[in-house]
Amino acid sequence: MKRSPVFLLLAAFLLAAPLAMARQDVTSLYEISTLDNLLAGHYDGQPPVSAMLAHGDWGIGTFHELDGEMIVLDGRVYQVRADGKIREMTDRDARVPFALAAAFGPGQSTAIAKPMTYSSLQTFLDSLRSPGRPMLFKIHGRFPALKTRSVPRQRKPYPKLSEVIAHQPVFEYQDVTGTLVGLWSPAGLKSFTGSGYHFHFISDDRKAGGHVLDLQAAQAEVFAREADRLEIALPETWPLAETAAAPAAGREIQEP
Ligand SMILES: [Zn+2]
């Protein structure tokens, strides 16, 4: 059966339109260093805050010498220090050892009207994401309970992150309104971005924040954006490689 050119044109349009609409929600993820490198104790900042902001208005990370948790929200950079104090980081030359950033923009939102635990919130977010690509989130809402942590500034020789967070200061807030900034990332990117969910929080009054450990959400508006690319600003040094024993001569690498 022959199809008219008009039919083919219409069919092509109908097929292409949803794809074009979906593409508007896709962005590129920019990363400074890798999570594995941070876990290994690489806290020397390299690219400055300005490099991050050139790649986006959304982000999470930390600062030179692991000096607190970073939240980038709507192009503003906030630092939650180990004493719980929060300040806006206006120094664009401040160096960054690890961060994830992206151009997020306004985006479309989905409302959550019922109370949720951190676990049920994650199950809900699972329904919004694709199975294999990082999904970036901005979630503004009211949180009857919120538990966060920050990390204290370190001096050389730097300990591993696991040693630092064994003594992390924890903050417990009640009834705060603010924004969760974070992402879900697939297991395949674990060494680079971490895997699963990772959120930082900042309250509307900029008095509460940190790396989220647990929460209860009363109501929230979820903005989501998928990342289909990852650009990594590679670190200049690799503590993992520097400290790893050199393989014995002639030994074959067994890992796939
Ligand atoms: Zn964090």
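The values are calculated or read from the model by the stated rules, or taken from the named source; none is laboratory data. Remember, predicted model here, so these are calculated numbers, not experimental data. FYI the Cβ positions are ideal-geometry reconstructions off the backbone, even for glycines, and counts take in every protein chain you see. Note: areas computed on protein heavy atoms with side chains; ligands, DNA, RNA excluded. Shrake-Rupley method; radii C 1.70, N 1.55, O 1.52, S 1.80 Å.
Of note:
- Test: residue in segment 118-125 that is farther than 23 Å from residue 208 by Cβ, of a type outside the set (A, V, I, L, M), in contact (Cβ under 8 Å) with a residue 24 or more places away in the chain and open to solvent by 50 Å² or more (accessible area, probe 1.4 Å): no
- Looking only at segment 188-216, residues that are more than 14 Å from the ligand (Cβ to nearest atom), over 26 Å from residue 230 (Cβ atoms) and either open to solvent by 10 Å² or more (accessible area, probe 1.4 Å) or among the β-branched types (Val, Ile, Thr) (or both) come to 5 in all.
- Cβ-Cβ under 9 Å pairs, at least 6 apart or on other chains, segment 59-86 side at negative phi and hydroxyl-bearing (Ser, Thr, Tyr), far side more than 13 Å from the ligand (Cβ to nearest atom) and open to solvent by 30 Å² or more (accessible area, probe 1.4 Å): 78/86; 78/87; 78/88; 78/206
- Screening the candidates 40, 54 for the property of being surrounded by fewer than 22 Cβ atoms within 10 Å (Cβ to Cβ) and out of contact with any strand residue (DSSP E or B) (no Cβ under 9 Å at 6 or more places or on another chain) yields one hit, 40.
- From the list 84, 41, 61, the one residue that fits, being part of a strand (DSSP E or B) and closer than 24 Å to residue 168 by Cα, is 61.
- Scope segment 87-112; condition open to solvent by less than 30 Å² (accessible area, probe 1.4 Å) and part of a strand (DSSP E or B); matching residues: 98, 99, 100, 101, 102, 112
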